[in-house]
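Below is one structure, written out as structure tokens, with a few remarks after it.
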Amino acid sequence: MNRKSVLVFLKEYALITLGILLYVLGWSIFLVPNNLVGGGVSGAAAVVQYATHGAVKIGYTYFAVNAVLLVVAMFTLGKSFGGKTIYATILASLGLNLFQIIIPAEITQILAVDNGKLMSTIMGGIIIGIGIGMSMSQGGSTGGTDIIALIVNKYRNVSPGRMILMMDVVIILSSLLVPSYTAAGELVPWPEKITTVVYGFILVALCSTVLDYYLAGSKQSVQVFVLSRKYEEIADTITHELHRGVTVLDGKGWYTKSSTEVIMVITRKTDLNILLRRIKSIDPDAFLSINSVTGVYGKGFDQFKGKARKKADQ
């Protein structure tokens, strides 16, 4: 592995680790202390923990179910996905059990219980959504319904957040069928369980929205037009050092009536600052125009999915 590959590897796993940390903190601080139910495998695992008086903690059920789903994902999404998600799943399984023990009760009391279930639902949903988004943006996943959503998204243009939302609704409604006990061993009354389901719907709706916004932002692209007398040097630098495609267009300055070349390049918004620095280092007087674009398909960007892709392959 060269230096660039090592840096990319470290960056991906660092972001996955941070995303899982946020995911676990959202559950351990805001949801579990309030006996709140979420979606996905973690939501089902929470129902099991509440029903067993805490004897079977979330992490155990979470890991067992994900072990089965990971086998399916490795064959469908590739070994690289499997490796990252195995790492994320193990880390989340350990964290969901460990953080419930090491986080002082005073912190959960102040941040979650005292603020009420609604505020805990909002704060937990935002943190969990960001955590899942960070993990998925690097090719990993927190497992569970995320894996199913990514498998469907591979073949169909279906929003991962929307897929997760539909599956989570079913899981949350199923929590009405089993008894639930608080950490003190008290049986949760039926009216409170109904309100908990409502909070669960708010949670997954907020989480899926945050997830979609995060993923859309991480994949946003920009179109850059560059006018410079050193266009050849700039084009070569973008192609060979930044590994982006470049198109050189013939143009004409109407004021000067002289011919000119215009460089057009499309890149991820996250790489824009690097691109601008390279251009300015070559030609400080270069004229640039930058526009945000959506729906960029092709090598290095998104790929066509579903029927459109199949026809193209034929």
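Miscellaneous remarks
- Test: L272 is of a type in the set (A, V, I, L, M, F, W, C), assigned to a helix (DSSP H, G or I) and at pLDDT below 85: yes
- Meets criteria (modelled with pLDDT under 85, surrounded by 14 or more Cβ atoms within 10 Å (Cβ to Cβ), under 15 Å from the mean Cα position of the chain (by Cα) and of a type in the set (A, V, I, L, M)) for M74: no
- Counting only residues that are loosely packed, with under 12 Cβ neighbours inside 10 Å, closer than 20 Å to D271 by Cα and of a type in the set (D, E), region 234-258 holds 1 of them.
- The residues listed here are F63, F30; of these, the one that is open to solvent by 20 Å² or more (accessible area, probe 1.4 Å) and not aliphatic (A, V, I, L, M) is F63.
- L21 passes every criterion in (1) over 30 Å from L242 (Cβ atoms); (2) surrounded by 23 or more Cβ atoms within 10 Å (Cβ to Cβ) apart from (2).
- Entry remark, region 205-232: residues being open to solvent by less than 40 Å² (accessible area, probe 1.4 Å) and outside any helix (DSSP H, G or I) number 5 in total.
- Set L69, L96, L118: member being over 21 Å from V169 (Cα atoms), in contact (Cβ under 8 Å) with a residue 24 or more places away in the chain and hydrophobic (A, V, I, L, M, F, W, C): L96
- Here Y181 clears all of (1) within 18 Å of the chain's Cα centre (by Cα); (2) more than 25 Å from Y87 (Cα to Cα) except the condition numbered (1).
- Out of I238, I194, I263, I202, one residue alone is touching a residue at least 24 places away in the same chain (Cβ under 8 Å), more than 26 Å from the chain's Cα centre (by Cα) and either assigned to a helix (DSSP H, G or I) or closer than 30 Å to G43 by Cβ (or both). It is I238.
- Only residues that are small (G, A, S) and under 11 Å from the mean Cα position of the chain (by Cα) were counted across region 113-151, and they come to 8.
- Looking only at residues in region 277-297 that are among the aliphatic types (A, V, I, L, M) and either without any contact (Cβ under 8 Å) to a residue 24 or more places away in the chain or part of a strand (DSSP E or B) (or both), the one that is most open to solvent (accessible area, probe 1.4 Å) is I290.
The values are calculated or read from the model by the stated rules, or taken from the named source; none is laboratory data. Worth saying up front: this structure is predicted, and the values here are computed from it rather than measured. So basically every Cβ, Gly included, is an ideal-geometry build from the backbone, and we count neighbours across all protein chains shown. For the accessible areas, the whole protein counts, side chains as well, though only heavy atoms, and no ligand, DNA or RNA atoms are used. Shrake-Rupley method; radii C 1.70, N 1.55, O 1.52, S 1.80 Å.
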